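Okay, structure first, notes after.
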Amino acid sequence: MSSFAFSVLFVVFFVLTLGLRFWLANRQIRHVLRHRGRVPDEFAHKVSLETHQKAADYTVARTRFGIAGLLWGGLMLVGFTLLGGLQALSSALLQVAGPGMLHQILLVAAFAILSGVLDLPFDYYRQFVLEERFGFNKMSRGLWLMDMAKGSLLGAALGLPLLWVVLTLMEKTGPLWWLWVWAVLCGYQLLMAVLIPNVIQPLFFNKFTPLSDESLKSRIEGLMSRVGFASKGLFVMDGSRRSTHGNAYFSGFGAAKRIVFFDTLIERLSPHEIEAVLAHELGHFKLRHIVKRIVVMFALSLAFLALLGYLKEQSWFYTGLGVTPMLTAPNDAMALLLFMLVLPIFTFVLGPLNSITSRKHEFEADAFAAKHSDASHLVSALVKMYEDNASTLTPDPVHSAFYDSHPPASVRIAHLNSHLGAAGA
């Protein structure tokens, strides 16, 4: 392929993807506003019109903000690629570090810093304007800055050594370097899956305290005993320091598994509802959804790394994206950055395939919860969570198919009600 042909292909996919995302966003806004004035019949006795309209307004505001972010992201992508941003950054760093490993690491680090700085106004607006307007933000600006600083330092401490290993393998291990990199990345991701929730997050971001409500603790332990789930402990996380959104999750592997509840969830839901929510989460574990997702993620990463292994040897891959590859030094860091930037453009249209699998798992976990707890309690918990998170009850079906990993509220609750009907019969 010539560099011109690849440039044309990239521009075509860029325009199509951008156009599709704009179209989906506008569908979502129109659909939500069209149904803003009336609560869906199945929720009429559970959700007030005021709450329904707040959710609609929040969804529309987030979608419009997303359109602005989409425009900005598109401009950044074109600026870094076709307009020569990455080439200029690489050339400037060559003057400082010369060709070699230091130049490559500095290139990735500088790109990450520059991207973060360019996104900073959007991050600030999201937290202190959008979330604030709808009553979700609980963060002070000091805490926000502290989180950002901690995240940046941790990202550097964890990411730079990994980057050095990856770049070294790309340079030293021959044409099949991507197999070695894949093995390293898989091991790293599994390690982080344990360290982030169990070590890093408690040390640097959130406070975790053992669940002190003995009645609730007894109820949860009874559920775990019924489904055969062993846990290292039950903890409550101080999510209310940052947001009013609530959730529950478990982390770790083997005997190190921990169950964590947001304090906002504990405060909002009844013990029966908390049990039902946890039964759903345990359903994901018992039905091996987590393992299946990890396997799929690893398989996709292997395929993409193999593709990168081919592309990084093609001069048209660089020149077609506004970069002149170096002839006497490795181009591995540049190949990584270009691949990371353009891959979403070519794969966005495949989004519904991921949603289909994810929604299937959600239905299966709901069925598991209905079997091991009362489905009506999960329904009431979901309604409260939809209310508290201002999740729209009337999303556009096509937009939802591309973006939502969970089924729409009406579909999901109808599915749970069918379990209630079956139990009644």
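Taking each residue of region 136-161 that is closer than 13 Å to PHE205 by Cβ and looking for partners that are of a type in the set (Ser, Thr, Tyr) and in a helix (DSSP H, G or I) with beta-carbon atoms closer than 9 Å, six or more apart or interchain, yields TRP144/TYR124.
When we screen VAL47, VAL78, VAL39, VAL60 for residues that are touching a Pro at 6+ places or on another chain (Cβ under 9 Å) and hydrophobic (A, V, I, L, M, F, W, C), the only hit is VAL47.
Residue-wise test of (1) within 30 Å of LEU176 (Cβ to Cβ); (2) under 20 Å from the mean Cα position of the chain (by Cα); (3) of a type outside the set (Phe, Trp, Tyr); (4) at pLDDT 85 or above.
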residue	(1), (2), (3), (4)
SER215	no, no, yes, yes
GLU221	no, no, yes, yes
ALA248	no, yes, yes, no
ARG258	no, no, yes, no
ALA276	no, no, yes, yes
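Here region 344-393 is the region considered, the condition is being small (Gly, Ala, Ser) and crowded, with 20+ Cβ neighbours inside 10 Å, and the residue that is nearest to LEU18 (Cα to Cα) is ALA390.
Taking the stated definitions as given, is TRP178 at pLDDT below 95 and in a helix (DSSP H, G or I)? It would help to see each step written out before you state the result.
On the way: at pLDDT below 95: no; in a helix (DSSP H, G or I): yes.
No, not satisfied.
Selection of region 47-94 for residues being over 21 Å from the mean Cα position of the chain (by Cα), of a type outside the set (A, V, I, L, M, F, W, C), within 30 Å of SER380 (Cβ to Cβ) and in a helix (DSSP H, G or I) yields GLU50, THR51, HIS52, GLN53, LYS54, ASP57.
For (1) out of contact with any His (no Cβ under 8 Å at 6 or more places or on another chain); (2) in a helix (DSSP H, G or I), each residue gets a yes or a no:
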site	(1), (2)
PHE348	yes, yes
ILE356	yes, yes
PHE363	no, yes
ALA381	yes, yes
THR392	yes, no
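Looking at LEU145, LEU190, LEU163, which one is closer than 30 Å to LYS257 by Cβ, assigned to a helix (DSSP H, G or I) and not basic (Lys, Arg)? Write out each step before concluding.
Details: LEU145 fails: closer than 30 Å to LYS257 by Cβ; LEU163 fails: closer than 30 Å to LYS257 by Cβ.
On inspection, the qualifying residue turns out to be LEU190.
What is the number of the single condition among (1) more than 29 Å from TYR403 (Cβ to Cβ); (2) in contact with a Gly (Cβ under 8 Å, 6 or more places away or on another chain); (3) at pLDDT below 95 that ARG141 does not meet? All conditions are met except number (2). Evaluated against (1) assigned to a helix (DSSP H, G or I); (2) in contact (Cβ under 8 Å) with a residue 24 or more places away in the chain; (3) within 30 Å of LEU130 (Cβ to Cβ), VAL39 falls short on exactly one condition, (1).
Check LEU308, LEU302, LEU350, LEU336 and return the single one that is free of Cβ contacts under 8 Å to residues at least 24 places away in the same chain and of a type in the set (A, V, I, L, M, F, W, C). I'd like the intermediate steps shown before the answer.
Values: LEU308 fails: free of Cβ contacts under 8 Å to residues at least 24 places away in the same chain; LEU302 fails: free of Cβ contacts under 8 Å to residues at least 24 places away in the same chain; LEU336 fails: free of Cβ contacts under 8 Å to residues at least 24 places away in the same chain.
Just one listed residue meets the conditions, LEU350.
Quick check on my filter: what residues within region 77-95 are more than 18 Å from THR324 (Cβ to Cβ) and either touching a strand residue (DSSP E or B) at 6+ places or on another chain (Cβ under 6 Å) or surrounded by fewer than 17 Cβ atoms within 10 Å (Cβ to Cβ) (or both)?
Start the filter on region 77-95 by keeping residues that are more than 18 Å from THR324 (Cβ to Cβ), which leaves 77.
Once the filter is applied, which keeps residues that are more than 18 Å from THR324 (Cβ to Cβ) and either touching a strand residue (DSSP E or B) at 6+ places or on another chain (Cβ under 6 Å) or surrounded by fewer than 17 Cβ atoms within 10 Å (Cβ to Cβ) (or both), region 77-95 yields nothing.
Would you point out the residue of region 195-238, among those that are touching an Asp or Glu at 6+ places or on another chain (Cβ under 9 Å) and within 12 Å of ARG258 (Cβ to Cβ), that is surrounded by the fewest Cβ atoms within 10 Å (Cβ to Cβ)? Going through the qualifying residues, I end up with PHE208.
The values are calculated or read from the model by the stated rules, or taken from the named source; none is laboratory data. Being a predicted model, the structure only gives us computed values, none of them experimental. FYI the Cβ positions are ideal-geometry reconstructions off the backbone, even for glycines, and counts take in every protein chain you see.
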